[in-house]
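Right, one structure below, let's go through it.
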Amino acid sequence: MAKDPLAEAGLHFDELNKLRVLEPEVGQKTTELKEECKDFVDKIGQFQKIVGGLIELVDELAKEAETEKMKAIGARNLLKSVAKQREAQQQQLQALIAEKQMQLERYRIEYEALSKVEAEQNEFIDQFILQK
Amino acid sequence: MAIHLLLLFCFNIHIQYKLLFPKQLVSCLGWTTADELYSCSEDHHILRWNLLTNETNLVVKLQEDLFPIDLHWLPKTVGGKKQAQAEIFVLTSTDGKFHLVSRVGRIEKTVDAHKGAVLAGRWNYDGTALITAGEDGQIKIWSKSGMLRSTLAQQGSPVYSVAWGPDSDRILYTSGRQLIIKPLQPSSKVLQWKAHDGIIVKVDWNPVNDLILSAGEDCKYKVWDSYGRLLYTSSSHDYPVTSISWSPDGEVFAVGSFNTLRLCDKTGWSYALEKPNTGSVFSLAWSADGTQLAGACGNGHVIFAHVVEQRWEWRSFEITLTKRRTMQVRNVVNDAVDILEFRDRVIKASLAHGHLVVTTSLQCYVYSAKNWNTPLIFDLKEGTVSLIVQAEKHFLLVDGAGLYVFSYEGRLISTPRFPGMRTDILNTQSVSLSNDSIAIRDKSDEKVIFLFDALTGKALGDGKPLTHKMEVVEIALDQCGPSSERKIAVIDKNRDLYLTSLRRLNKEHNVCKIGTMVHTMAWNDSANILCGIQDTQFTVWHYPSAVFTDKDLLPKTIYMKDASEFSRAPHILNYVGTKVTVRRGDGSLVYSSVSPYSTLLHEYSASSRWEDALRLCRFAKDLSLWACLAGMAMSNRELTTAEVAYAAIGEVDKVQYINSIKELPSKESSLAHILMFSGHVQEAEATLLQAGLIYQAIQIHINLYNWDRALELAVKHKTHVDTVLAYRQKFLLDFGKKETNKRFLQYDEGVEVDWEKIQAKVEMELAKEREKAATASVKNSVAFRH
């Protein structure tokens, strides 16, 4: 191939006959590379966005899990204390029942005493009528 | 007197409201008036609670390092003068100081008192001294202005609580599980006993009933008398008992524990239980009128409660305090219900003798059982009435300043008073009222009973009080009959029952013992019949006055029955008609009926219907009834009836004596012999001498072998000396004795004994008497019934 004097001077013509400093091939490759690089950067950016979203999501989930965990612990404790509360309530109610029972016993004794008085009075009336 | 205490049937605590203001534990509180309370909490706030306006104000915020423990207002009655409201209180704190704080919350004085916290500070009842107890185990007495007077006691463990004795001359304090009563006088004996199985945290001592309360960490509360005898012990609670407090009148007390508030009778059994959500109740305080209760709670609440569902019964009426200002009257016979409304809170009420008396803070309402619609209302001067005692015709109100007798028409009849009178500690045991008299047991000397005419308020007789030989525990006046025969029944410290007449005919009170081991007693409301519980026997004295006419008759007039149905420590509440109401130690009411015949007999005797009385006795065929009739007839000098009655109970000797009295020629000598019958020799002699029947007077003494007096009379009146000497000689001869009496030896010499002459002289005397009586009887037959 005959040497192009221009090429020796480092000047080239492209297809559109424009004067170029770089070899057209190299130029083309450079452009390709540039475009590929741009593509790559875009893709990486996209990837980052996606991963960021994912992390956020996972974080949120973690938070939610944490609150649920706390809730569960609280509920468990509450359950335990409810049992205790019931026990206390039962104790209280039992004390009140015992009180009422004592009152009932007092009323029972009073009733018995009154019944006895009634019987005595009836007996007295009967006797009175009989003697008359 | 038990008549007044009509059936406090069932109390309930009604929790009015609680306010959540301080977030921190409330440590102490105290009432200023009946409606104003101060409370202190751990967050240094002093709050004032006004219950009339439902307002709560911050009085002051104390400095940060002051943590209050105990608060006590200076008593209102200082040196006999009444102040409208309390002006200053003592506040003890954890840093070993106590502070005198004024109403507005200014700290007037701060005194370094103890090492460690000052756990309790209490004024005495007249406000002249303050006692503090500390964590360091010391008890110190301070003057009113906060100057140290003395260190009364010292021990190795903290003193958690301290209380003054009724007369402010002793103190009660805790020492671990022990209770100690220490008199202020240094040389006096200290009383100490183990009271609980855990540390004792609170004590209280009531001045009215002289009973002690203790609350311990062994979850129990106990009631003691002031000799340290256990009267009641509660069952074990679920939590330690943290507070305990007497109501001012000593009828009930309140007990506080974790989420628990309890109202108990003074005998210990529980009226009501509430389970408020308050945490532990650390301190309890009653308002001065005893109607409201405040509690300092561990969760920062102040809890207010008041007593409702108090009940009174009289015959067919049943009255319940349903709300603070409302009463419900129910007639159980026809189920008619009336509602009584009051303007202010009901403080005291009493139902007896057909009238209901209700006092509020400002007024007194008097209802008649016949008409519940229109009460009689009058204003009260002083306010807080602490006691109402009723009699048939009038009633007695007791407040902090004095005693007032009012008629049921609302007219002030009298205001009895005596020197050194303390009205705040009077209760139904120490005051008794009848239609014409009032009896009050003295507090400073418990042997003394002051007697007053109810209509004038003046002291009875010569103004001297009745003095018993022992400390008197309970007094009761009989309710019926004429005022001249008014009698008082007295139970003394030995539990002996005595009966004596109020209007003394002669100078000495004739005090007769009619019972022993008598725990409780009550007079009937319509006849002078006394009932009581004697040891283990329920006893009815159908005619207690028999003891004045014929002592031997008394046991025959008594009706006894086994009292085991009343169980331990019964108390007779009243004796109305034929029904005796008894409150058992466990709080239940039991009734016992008494035969109605004796009441009837009392009626017949009062109206002198002796024929009817005899018929009744013949109908009832009851020996005790005959014995009563014998006594009644004899005291009314109704000899014919007495003769029949004595014959019926087989007292032949007495029948004979009565017969001999009936044959006596003159009324003076029969009167004298009736007096002799009752053993009143002196009166009999005086009667005869007054009538100029000197021989008969001498003869009385001869018959009694009362030789000295017989001779003395004979010599004094210069007659029948030989008669006396003759009888004496005959007596000596019969018994084979020699004359040793100097006076008889002396007269023996100068006088000659001639039996014929003496007999003639005696005949002459009797003839003279007959003659005199014959002339007198024409004049007096109208006046003299027989």
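The values are calculated or read from the model by the stated rules, or taken from the named source; none is laboratory data. As the structure is a prediction and not an experimental result, all values here were calculated from the model. Note that each Cβ is placed from the backbone with ideal geometry, even for glycine, and that neighbours are counted across all protein chains shown.
Quick check: anything in region B:562-574 among the hydroxyl-bearing types (Ser, Thr, Tyr), in a strand (DSSP E or B) and surrounded by fewer than 23 Cβ atoms within 10 Å (Cβ to Cβ)?
no
Need the failing condition index for B:ALA163 against (1) farther than 23 Å from B:SER187 by Cβ; (2) at pLDDT 90 or above; (3) hydrophobic (A, V, I, L, M, F, W, C), just the number.
Of (1) farther than 23 Å from B:SER187 by Cβ; (2) at pLDDT 90 or above; (3) hydrophobic (A, V, I, L, M, F, W, C), only one is false for B:ALA163: (1).
If I go through region B:674-693 residue by residue, how many of them are buried (at least 19 other Cβ atoms within 10 Å of the Cβ) and assigned to a helix (DSSP H, G or I)?
Count: 8.
One line per residue, one yes/no per condition, for (1) hydroxyl-bearing (Ser, Thr, Tyr); (2) under 30 Å from B:LEU639 (Cα atoms):
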{"site": "B:PRO570", "(1), (2)": "no, no"}
{"site": "B:THR581", "(1), (2)": "yes, no"}
{"site": "B:ARG584", "(1), (2)": "no, no"}
{"site": "B:LEU601", "(1), (2)": "no, yes"}
{"site": "B:SER605", "(1), (2)": "yes, yes"}
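Name the single residue that is nearest to A:LEU130 (Cα to Cα) among those in region B:625-650 being touching a residue at least 24 places away in the same chain (Cβ under 8 Å) and not in a helix (DSSP H, G or I).
Residue satisfying both the conditions and the ranking: B:ILE649.
Within region B:239-274, how many residues turn out to be within 11 Å of chain A (Cβ to nearest Cβ), part of a loop (DSSP other than H, G, I, E, B) and surrounded by fewer than 20 Cβ atoms within 10 Å (Cβ to Cβ)?
2
List the pairs whose first member sits in region B:712-738 and is on the phi > 0 side of the Ramachandran plot and touching a residue at least 12 places away in the same chain (Cβ under 8 Å), whose second member is hydrophobic (A, V, I, L, M, F, W, C) and crowded, with 16+ Cβ neighbours inside 10 Å, and whose Cβ atoms are under 7 Å apart, counting only residues at least 6 apart or on separate chains?
Close Cβ pairs satisfying both conditions: B:HIS720/B:ILE698; B:HIS720/B:ALA714.
Considering only residues of region B:722-764 that are among the β-branched types (Val, Ile, Thr) and under 24 Å from B:LEU664 (Cβ atoms), which is nearest to the chain's Cα centre (by Cα)?
By that ranking, first place goes to B:VAL724.
Looking only at region B:42-71, count every residue that is within 39 Å of the chain's Cα centre (by Cα), at pLDDT 85 or above and more than 20 Å from B:ALA120 (Cβ to Cβ) and tell me the total.
Total meeting the criteria: 3.
Go through region B:575-587 and report how many residues are more than 13 Å from B:ALA527 (Cα to Cα) and more than 9 Å from chain A (Cβ to nearest Cβ).
Residues that pass the stated criteria total 4.
May I ask you to list pairs of residues, at least six apart or on different chains, whose Cβ atoms are under 8 Å apart, with the first in region B:92-113 being at positive phi and the second being surrounded by fewer than 16 Cβ atoms within 10 Å (Cβ to Cβ) and in a loop (DSSP other than H, G, I, E, B)?
Pairs that qualify, where the first residue is at positive phi and the partner is surrounded by fewer than 16 Cβ atoms within 10 Å (Cβ to Cβ) and in a loop (DSSP other than H, G, I, E, B), are B:GLY96/B:LYS115; B:GLY96/B:GLY116.
So which residues in region B:433-461 are of a type outside the set (A, V, I, L, M, F, W, C), more than 20 Å from B:PRO166 (Cα to Cα) and out of contact with any Asp or Glu (no Cβ under 9 Å at 6 or more places or on another chain), if there are any at all?
Hits for region B:433-461 are B:THR456, B:GLY457, B:LYS458, B:GLY461.
Give the residue that is nearest to B:ASP197 (Cα to Cα), with candidates limited to residues of region B:242-254 that are modelled with pLDDT under 95 and of a type in the set (A, V, I, L, M).
B:ALA254
Quick check on region B:652-667: of everything there that is in contact (Cβ under 8 Å) with a residue 12 or more places away in the chain and surrounded by fewer than 21 Cβ atoms within 10 Å (Cβ to Cβ), which residue is farthest from B:LEU766 (Cα to Cα)?
Residues of region B:652-667 in contact (Cβ under 8 Å) with a residue 12 or more places away in the chain: B:654-655, B:657-662, B:665-667.
Add one more test, that the residue is surrounded by fewer than 21 Cβ atoms within 10 Å (Cβ to Cβ), and what stays is B:655, B:657, B:659-662, B:665, B:667.
Values: B:VAL655: 23, B:TYR657: 18, B:ASN659: 17, B:SER660: 14, B:ILE661: 14, B:LYS662: 15, B:PRO665: 8, B:LYS667: 13 Å.
Only one residue fits best here, namely B:VAL655.
In this structure, does A:ALA95 turn out to be within 14 Å of chain B (Cβ to nearest Cβ) and closer than 30 Å to B:THR578 by Cβ?
no
Of all residues in region B:588-624, which are within 14 Å of another protein chain (Cβ to nearest Cβ), part of a helix (DSSP H, G or I) and buried (at least 22 other Cβ atoms within 10 Å of the Cβ)? Explain how you work it out, then say what you get.
Filtering region B:588-624 for residues within 14 Å of another protein chain (Cβ to nearest Cβ) gives B:588-600, B:615-622.
Filter once more, keeping what is part of a helix (DSSP H, G or I): B:597-600, B:615-620.
Across region B:588-624, the qualifying residues are B:SER598, B:CYS617.
Any residue in region A:59-71 that is within 14 Å of chain B (Cβ to nearest Cβ) and exposed (fewer than 11 other Cβ atoms within 10 Å of the Cβ)?
no
I need a count of the residues in region B:513-566 that are over 30 Å from B:VAL681 (Cβ atoms), over 18 Å from the mean Cα position of the chain (by Cα) and not small (Gly, Ala, Ser).
Of the residues in region B:513-566, 12 are over 30 Å from B:VAL681 (Cβ atoms), over 18 Å from the mean Cα position of the chain (by Cα) and not small (Gly, Ala, Ser).
Hey, which of the strands (runs of 3 or more DSSP E) in region B:467-528, taking only ones fully inside, have at least 1 residues that are within 20 Å of B:ALA391 (Cβ to Cβ) and at pLDDT 90 or above?
Filter on region B:467-528 gives B:472-477, B:487-492, B:497-501, B:518-523.
Filtering region A:98-132 down to residues that are more than 8 Å from chain B (Cβ to nearest Cβ) and of a type in the set (S, T, N, Q), which residue is nearest to the chain's Cα centre (by Cα)?
Restricting to residues being more than 8 Å from chain B (Cβ to nearest Cβ) and of a type in the set (S, T, N, Q), the top hit is A:GLN101.
Taking the options B:ALA369, B:ALA352, B:ALA336, name whichever one is in contact (Cβ under 8 Å) with a residue 60 or more places away in the chain and not β-branched (Val, Ile, Thr).
Sole residue among the options that is in contact (Cβ under 8 Å) with a residue 60 or more places away in the chain and not β-branched (Val, Ile, Thr): B:ALA352.
Show me the strands (runs of 3 or more DSSP E) entirely contained within region B:333-375 in which 2 or more residues are surrounded by 16 or more Cβ atoms within 10 Å (Cβ to Cβ).
Numbers: elements: B:336-341, B:346-352, B:355-360, B:363-368.
Those strands (runs of 3 or more DSSP E) span B:346-352, B:355-360, B:363-368.
Hey, any hits in region B:213-226 for a residue that's on the phi < 0 side of the Ramachandran plot, aromatic (Phe, Trp, Tyr), buried (at least 20 other Cβ atoms within 10 Å of the Cβ) and assigned by TED's automatic domain parsing to the domain that holds B:TRP123?
Yes.
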